[in-house]
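Data block below; observations after.
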Amino acid sequence: MNSFVKNNYLNLVIAFCVVVLFFVVLSFDRKIAIDGDARDYYSYLVSLFIDNNFTHQSGNDWYLIETPTGTINVHTIGVAILIAPFFFAALLFSKIFGFAVDGFSLPFQMGVYFAGIFYCTVGLIFIKKLLLQLNVKANYVVALLFLTCFGTHLFSYTVNEPGMPHVYAFALTCAFFYFVLNLFQKRKTKYYYLSAFILGLIILVRPVNVVLLLFVPFFFQNKYDLISTVKVILRSKNFYLSTVVLCLVCSIQSVAWYNQNGKLIQDSYAGNGFYFNDPSVFKMLFGFNNGLFIYVPLCLLWLFGLIPMFNINRYKGFVFVFSLAIIFYIFGSYWAYNYFDGFGIRTFVDFVPMFLIAGAYMFQNFTPKLKYTAGALAFLFLCLNLLYIYQYRNGIIKGNGMNFDKYAYVFLKTNKAYGDSLGGANDLPLYSKKGSELLFESKNAKQPNVVFDSIYNFKDIEYAAGCNVDIKRKSNNFYVVAEFERKEVSRNSSYNALFNIVGSDPANKEKIYEAFRLNEIPSTDCCEWKKCTLAMGVTGKFEQNDKLSFFIWNKSKEAFFIKNLNVKIFDYSYNI
């Protein structure tokens, strides 16, 4: 197959992937791309071009941080920059055809969907170019393109959550690897500047992704090749001029911060941090609470390509393992190692190109029998990935708080009746440098409204007050743990009962409301006492003299018993 035919054949494969992505998005009844964290990444555009007030952000309260000199967005500006062309197209379309010009009407939602598909396409194009330059055979490139698009969580973050940074980071990583490889092999001037420009965008989208530089030595044949090439690059004026380009791109964020609160440098992630002395790498990879290899098993399969990689070039194998191990360690040390709501460990969408390269070694160098086995497993994992994503979109799999019991209950379930069937709450303890501070524990309280000091019968009762807690100081993060024992009178009699948290001000104006089902999964037996724990992060802007209230809502008025309820509140507030 000559290069022209091969290239066009591979382009048709990418075009097929794009068409499928478009059809999937157009099939959605609810076309909401700008939601949750996506509102925060996107809010730069709304505040600047619709509200005409850059110091005002339209994101979620918990990601808008009040500082003494202004309000800043905890997230960086990179995603907004990459979405901007689609935002402007939606803005023009809305004005011409009479849609609301608010940044959130249907044209703007579709603009973000189209942005996700566009950047996914860009990533696939650069993956094709990168693999071909690494001398991967065209038929394996075809398989790897399909597997990347549909067999990993890239698919979910393209069609389900295109407002999140991950599909953009994926595209930039693919482009960066391709330009860096060409810089080392061809040393043309343009590749200095393209590499620097793309690296700057990577930092603007997700600053922590600068760790992908650890993988760059992989593109050399050995350490001598690395050293000699670096010496040549360091003697070139293009290296220093391209470094200026990198700094100029990164400075866009400083300009944004300066306009928002007068500071060029800002720690916008105050209240978040890393436990480098206690990483949760195994839980991050194999835990049922979003574990990467549980929900994206194809990434684990691809890592078997390390075996032939070591056999062919031990230097490359060591670089790959070392860089991936450091990346695992850093992301596993993050306090929220499951990375909150999402499908799989979402931050590894950005690093799919690394796993993909290992997969290329696997397909290209395994023996024929092993290739067939690996191919069959890859196809199986692709199907499983699509099933998981279907479950995730329909609320069958939860984006946060999964455990083995929940996973087993919904495994391979596709009936939409299983949507929202899982309950409980399993939030991770919030980040604290000094440890948590216990503010309140109901079993030690002297309040008359603490009623659960013994067995309480919920028969025919819809509401039962737990406790009301006066907030004694300003705070923005609480961690609430509710421990109790539950006994059902009949199977699932407590299934619809909810544990409720209400935050309100002194005038009883509601600030937050959250509700969690008492039962993690529908009961399979009856009727013994069962110990239960709900762990919940509560984020908001709480002032002194506000109030947190806890109560159980028995929606169905069915009979069950609760005893020994103990509610603990920990303060994790932070200042910036």
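Which number in (1) outside any loop (DSSP other than H, G, I, E, B); (2) exposed (fewer than 13 other Cβ atoms within 10 Å of the Cβ) marks the one condition that LEU264 misses?
(1)
Where residues in the stretch 449-478 are acidic (Asp, Glu) and farther than 23 Å from VAL538 by Cα, which of them is modelled with the lowest pLDDT? Spell out how you get there, then give the answer.
Taking the stretch 449-478 and keeping what is acidic (Asp, Glu), we get 453, 460, 462, 470.
From what is left, the residues that are farther than 23 Å from VAL538 by Cα are 453, 460, 462.
Working: ASP453: 49, ASP460: 67, GLU462: 66.
Only one residue tops the list, namely ASP453.
Go through the stretch 283-336 and tell me which helices (runs of 4 or more DSSP H), entirely inside it, have 3 or more residues that are surrounded by fewer than 18 Cβ atoms within 10 Å (Cβ to Cβ) and touching a residue at least 60 places away in the same chain (Cβ under 8 Å).
Output list reads 314-333.
Can you say whether ALA115 is under 25 Å from VAL296 (Cα atoms), in the same structural domain as LEU12 (by TED's automatic domain parsing) and in a helix (DSSP H, G or I), as far as the supplied structure shows? Walk me through it before giving the result.
Values: under 25 Å from VAL296 (Cα atoms): yes; in the same structural domain as LEU12 (by TED's automatic domain parsing): yes; in a helix (DSSP H, G or I): yes.
So ALA115 passes the test.
Suppose the filter is within 30 Å of PHE155 (Cβ to Cβ) and not basic (Lys, Arg); does ASN272 pass it? Don't jump to the end; show me each part of the working.
Details: within 30 Å of PHE155 (Cβ to Cβ): yes; not basic (Lys, Arg): yes.
Considered against the rule, which asks whether it is within 30 Å of PHE155 (Cβ to Cβ) and not basic (Lys, Arg), ASN272 comes out as yes.
What number goes with the only condition from (1) charged (D, E, K, R); (2) assigned to a strand (DSSP E or B); (3) in contact (Cβ under 8 Å) with a residue 60 or more places away in the chain that LYS531 does not pass?
(3)
Among the residues of the stretch 395-412, write down those that are under 18 Å from LEU384 (Cβ atoms) and surrounded by fewer than 16 Cβ atoms within 10 Å (Cβ to Cβ). Even if it seems obvious, please write down each step before you answer.
Restricting attention to the stretch 395-412, the residues satisfying the condition of being under 18 Å from LEU384 (Cβ atoms) are 396-399, 402, 404, 406-412.
PHE404, ALA408, PHE411, LEU412 - these are the residues of the stretch 395-412 that are under 18 Å from LEU384 (Cβ atoms) and surrounded by fewer than 16 Cβ atoms within 10 Å (Cβ to Cβ).
Identify all residues within the stretch 155-178 that are under 11 Å from the mean Cα position of the chain (by Cα) and of a type in the set (S, T, N, Q); write none if there are none.
Once the filter is applied, which keeps residues that are under 11 Å from the mean Cα position of the chain (by Cα) and of a type in the set (S, T, N, Q), the stretch 155-178 yields only SER156.
Filtering the stretch 371-394 down to residues that are surrounded by 14 or more Cβ atoms within 10 Å (Cβ to Cβ) and among the polar types (S, T, N, Q), which residue is modelled with the lowest pLDDT? Outline the logic, then answer.
Taking the stretch 371-394 and keeping what is surrounded by 14 or more Cβ atoms within 10 Å (Cβ to Cβ), we get 371, 374-375, 377-382, 384-394.
Among the residues that remain, those that are also among the polar types (S, T, N, Q) are: 385, 391, 394.
On the way: ASN385: 96, GLN391: 96, ASN394: 93.
The qualifying residue modelled with the lowest pLDDT is ASN394.
Can you find a residue that is in contact with a His (Cβ under 9 Å, 6 or more places away or on another chain) and either surrounded by 23 or more Cβ atoms within 10 Å (Cβ to Cβ) or not assigned by TED's automatic domain parsing to the domain that holds ARG30 (or both) anywhere in the stretch 170-193? If you could, list the steps in order and put the result at the bottom.
Taking the stretch 170-193 and keeping what is in contact with a His (Cβ under 9 Å, 6 or more places away or on another chain), we get none.
Within the stretch 170-193 (the criterion being in contact with a His (Cβ under 9 Å, 6 or more places away or on another chain) and either surrounded by 23 or more Cβ atoms within 10 Å (Cβ to Cβ) or not assigned by TED's automatic domain parsing to the domain that holds ARG30 (or both)), the answer is no, since none of the residues qualifies.
Can you tell which of GLU558, GLU520 is in contact with a helix residue (DSSP H, G or I) (Cβ under 7 Å, 6 or more places away or on another chain), farther than 30 Å from TYR269 by Cβ, surrounded by 18 or more Cβ atoms within 10 Å (Cβ to Cβ) and in contact (Cβ under 8 Å) with a residue 24 or more places away in the chain? Before you say what the answer is, go through the steps one by one.
Details: GLU558 fails: in contact with a helix residue (DSSP H, G or I) (Cβ under 7 Å, 6 or more places away or on another chain).
Every option except GLU520 fails the conditions.
Within 25 Å of the chain's Cα centre (by Cα), charged (D, E, K, R) and at pLDDT below 95 - does that describe any residue in the stretch 57-72? Break it down into steps so the answer makes sense when it comes.
Applying the first criterion (within 25 Å of the chain's Cα centre (by Cα)) to the stretch 57-72 yields 57-66, 71-72.
If we keep only those that are charged (D, E, K, R) as well, we get 61, 66.
Keeping just the survivors that are at pLDDT below 95 gives 61, 66.
Yes, that holds for at least one residue.
Between a first residue in the stretch 396-419 that is free of Cβ contacts under 8 Å to residues at least 40 places away in the same chain and in a helix (DSSP H, G or I) and a second residue that is surrounded by 16 or more Cβ atoms within 10 Å (Cβ to Cβ) and aromatic (Phe, Trp, Tyr), which pairs have beta carbons less than 8 Å apart while being 6 or more apart in sequence or on different chains?
VAL410/TYR418
Which pairs do you get when a residue that is assigned by TED's automatic domain parsing to the domain that holds GLY163 and closer than 11 Å to VAL159 by Cα, found in the stretch 20-38, comes within reach of a residue that is in a loop (DSSP other than H, G, I, E, B) and of a type outside the set (Val, Ile, Thr), reach meaning Cβ atoms under 6 angstrom, with the pair 6+ apart or on two chains?
Every condition considered, the pairs that remain are ALA33/PRO162; ALA33/GLY163.
Given (1) of a type outside the set (Val, Ile, Thr); (2) modelled with pLDDT of 90 or more; (3) under 28 Å from the mean Cα position of the chain (by Cα), where does LYS511 come up short, assuming only one miss?
(2)
Give the stretch 343-370 a look and list any residue that's of a type in the set (Phe, Trp, Tyr), closer than 29 Å to ASN289 by Cα and modelled with pLDDT of 95 or more, or say none. Walk me through it before giving the result.
Initial filter on the stretch 343-370 (of a type in the set (Phe, Trp, Tyr)): 343, 348, 351, 355, 361, 363, 366.
Then drop every residue that is not closer than 29 Å to ASN289 by Cα, which leaves 343, 348, 351, 355.
If the condition is that a residue be of a type in the set (Phe, Trp, Tyr), closer than 29 Å to ASN289 by Cα and modelled with pLDDT of 95 or more, then PHE348, PHE351, PHE355 are the ones that fit.
So ILE576 ticks every box in (1) in the same structural domain as PHE478 (by TED's automatic domain parsing); (2) modelled with pLDDT under 85; (3) touching a strand residue (DSSP E or B) at 6+ places or on another chain (Cβ under 6 Å) but one. Which box is left unticked?
It is condition (1) that ILE576 fails.
The values are calculated or read from the model by the stated rules, or taken from the named source; none is laboratory data. If you're wondering where the values come from, they're calculated on a predicted model, not measured in any experiment. Cβ: placed from backbone, ideal geometry, glycine included. Neighbour counts: every protein chain shown.
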